[in-house]
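To keep things clear, I will list the structure first and then write my remarks on it.
The values are calculated or read from the model by the stated rules, or taken from the named source; none is laboratory data. A quick note: this is a predicted structure, and the numbers were derived from the prediction, not measured. Note that each Cβ is placed from the backbone with ideal geometry, even for glycine, and that neighbours are counted across all protein chains shown.
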């Protein structure tokens with residue numbers, strides 16, 4: 001580990017030059033801060049230097065661990081296949097092993113961070129200093145103002161909150177894998193916690209520890225960079241989203257109530273934070289926009305409405321969309337390629353758009369510059385703010401991407417019913433082209449775009465039967481090609497779901513009784 005120097009000699013900062021343009025209040029604010037900073041800055045800088053060294057060391061460890069795990073995935077796949085373990089079971093077992101190793105790594109990092117935090121001196125709290133000064137200078141309006149600002153936003157709370165946050169627990173070492181009826185059950189003792197159904201994990205128990213255990217395995221089984229999809233009732237999704245936020249996992253969900261809980265969890269994430277100087281100047285700031293930063297990797301394959309491809313093909317190609325022809329189980333299906341960063345930006349825009357404005361925007365006719373939209377003033381303002389429309393009402397390239405990403409989810413939801421849960425309850429789930437056709441009166445008597453409750457149940461059952469059959473008949477070596485992208489006619493990746501078992505058709509209830517539920 002890099003040596004941490006907590007006694008580094010740091011020169012006190014020079015007093016800033018006070019501009020003659022400042023008011024007497026501004027000058028007084030800066031004078032108070034400068035006096036505080038003469039003693040706080042050396043301690044703060046030494047502490048932050050140690051934290052920076054710690055972070056750099058563990059970033060390097062994370063890179064090395066990831067590389068070793070990727071190599072081990074391939075080696076373990078060959079070992080398990082040689083032993084006759086089926087492809088799907090092997091993938092699950094490998095994900096479980098990697099998840100347990102990652103869990104131990106997180107626990108070790110957290111323990112070392114807490115040890116460092118205990119040994120590092122913290123600068124005197126800004127509020128404490130202001131309170132002392134206020135006692136020496138009672139009635140000083142500038143000190144009173146600074147104290148009021150600090151009460152609203154204490155910059156020291158985040159630093160102190162780390163020690164109060166609970167350390168991560170060992171959850172996966174308590175679990176065992178058991179094969180049952182073609183699926184893999186993860187058990188604690190005799191109790192099933194969750195099941196691996198191939199394309200999803202079905203959560204049987206819904207307390208926080210069990211949800212987090214399932215998420216830790218899902219993080220390694222599925223592509224967490226593309227985000228996990230939480231399905232089920234709102235209560236489960238909201239609780240799982242908060243836990244996922246605390247873990248720093250990305251989600252595909254777009255429901256406002258789910259995202260609100262995810263953001264709440266993200267703010268609770270335990271981490272060793274550097275000390276920051278209090279702000280005494282008033283203003284507005286932010287990070288300068290830079291394209292291509294922290295975006296989804298690689299090209300994304302999206303499904304496209306056939307009518308949209310026929311009527312809007314020229315406009316889409318002009319927008320930089322590449323068309324593909326699908327084979328396999330989807331002959332004649334049309335798909336498009338969209339750069340990963342554009343897909344990610346579209347998802348973020350969709351998630352942040354209020355329901356009413358998004359419902360109006362979903363009816364866009366891409367053959368028209370303004371989308372042929374009929375918008376109220378408030379909805380128009382929202383869409384302009386979200387950069388989906390320009391001030392003159394014309395569609396932006398980002399707005400077109402939002403339509404394409406949403407339409408892809410609509411089309412996929414018809415063969416994967418759980419994906420309907422990314423839409424707000426009561427929303428009309430049609431593609432933009434279907435909305436346009438409906439406005440023209442062309443969908444009368446055409447029920448191909450509709451899905452009744454009975455059809456949804458049949459689709460759900462059909463999907464599960466098909467998945468089970470494919471998993472059992474799958475070539476044991478085929479998943480090796482898939483893992484390394486070697487398939488010649490690779491279909492678009494399935495959406496990933498982690499759902500409560502209550503949302504899935506149950507087998508004989510005797511099964512639950514046999515295994516201690």
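A few notes on this one:
- The criterion of at least 3 residues that are at negative phi, surrounded by 22 or more Cβ atoms within 10 Å (Cβ to Cβ) and touching a helix residue (DSSP H, G or I) at 6+ places or on another chain (Cβ under 9 Å) is met, among helices (runs of 4 or more DSSP H) falling completely within the range 353-423, by 397-413.
- Residues within the range 228-249 that are surrounded by fewer than 19 Cβ atoms within 10 Å (Cβ to Cβ) and touching a strand residue (DSSP E or B) at 6+ places or on another chain (Cβ under 8 Å), tallied: 1
- Residues that are surrounded by 14 or more Cβ atoms within 10 Å (Cβ to Cβ), at pLDDT 85 or above and farther than 30 Å from residue 188 by Cβ within the range 145-175 comprise 145, 146, 147, listed in sequence order.
- Only residues that are in contact (Cβ under 8 Å) with a residue 60 or more places away in the chain and not in a helix (DSSP H, G or I) were counted in the range 431-442, giving 1.
- When the range 343-377 is filtered for residues that are free of Cβ contacts under 8 Å to residues at least 24 places away in the same chain and either more than 19 Å from residue 433 (Cα to Cα) or touching a strand residue (DSSP E or B) at 6+ places or on another chain (Cβ under 6 Å) (or both), the ones remaining, listed by number, are 348, 376, 377.
- Selection of the range 324-352 for residues being at pLDDT 85 or above and under 16 Å from residue 431 (Cβ atoms) yields 335, 336, 346, 350.
- Taken over the range 244-257, the criterion of being in a helix (DSSP H, G or I) and either in contact (Cβ under 8 Å) with a residue 40 or more places away in the chain or under 18 Å from residue 167 (Cα atoms) (or both) is satisfied by 244, 245, 246, 247, 256.
- Cβ pairs under 6 Å, 6+ apart, first in the range 305-325 and surrounded by 14 or more Cβ atoms within 10 Å (Cβ to Cβ), second part of a loop (DSSP other than H, G, I, E, B): 305/431; 312/366; 312/367; 315/366
- Selection from the range 33-89 of residues that are in contact with a helix residue (DSSP H, G or I) (Cβ under 7 Å, 6 or more places away or on another chain) and closer than 30 Å to residue 280 by Cα: 36, 50, 54
- Any hit, the range 218-229, residues being touching a residue at least 24 places away in the same chain (Cβ under 8 Å), part of a helix (DSSP H, G or I), closer than 26 Å to residue 356 by Cβ and outside the structural domain of residue 106 (by TED's automatic domain parsing): no
- The set of residues in the range 98-122 that are more than 17 Å from residue 55 (Cα to Cα) and assigned to a loop (DSSP other than H, G, I, E, B) comprises 121, 122.
Matching residues to (1) free of Cβ contacts under 8 Å to residues at least 60 places away in the same chain; (2) touching a strand residue (DSSP E or B) at 6+ places or on another chain (Cβ under 8 Å); (3) in the same structural domain as residue 123 (by TED's automatic domain parsing); (4) surrounded by fewer than 18 Cβ atoms within 10 Å (Cβ to Cβ):
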| site | (1), (2), (3), (4) |
| --- | --- |
| 52 | no, no, yes, yes |
| 59 | yes, no, yes, yes |
| 71 | yes, no, yes, yes |
| 80 | yes, no, yes, no |
| 89 | no, yes, yes, no |
| 92 | no, yes, yes, no |
| 98 | no, no, yes, no |
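- The listed residue being in contact (Cβ under 8 Å) with a residue 24 or more places away in the chain, part of a helix (DSSP H, G or I) and either out of contact with any helix residue (DSSP H, G or I) (no Cβ under 7 Å at 6 or more places or on another chain) or within 23 Å of residue 210 (Cβ to Cβ) (or both), out of 241, 235, 260, 270: 241
- Pairing each residue of the range 153-170 that is farther than 19 Å from residue 123 by Cβ with any residue that is part of a loop (DSSP other than H, G, I, E, B) and at pLDDT 70 or above, provided the two are 6+ apart or on different chains, yields C-beta distances under 9 Å for 165/268; 165/269; 165/270; 165/271; 166/270; 167/270; 168/270.
- Among the numbered conditions (1) touching a helix residue (DSSP H, G or I) at 6+ places or on another chain (Cβ under 9 Å); (2) closer than 26 Å to residue 160 by Cα; (3) at pLDDT 90 or above, the only one that residue 132 does not meet is (1).
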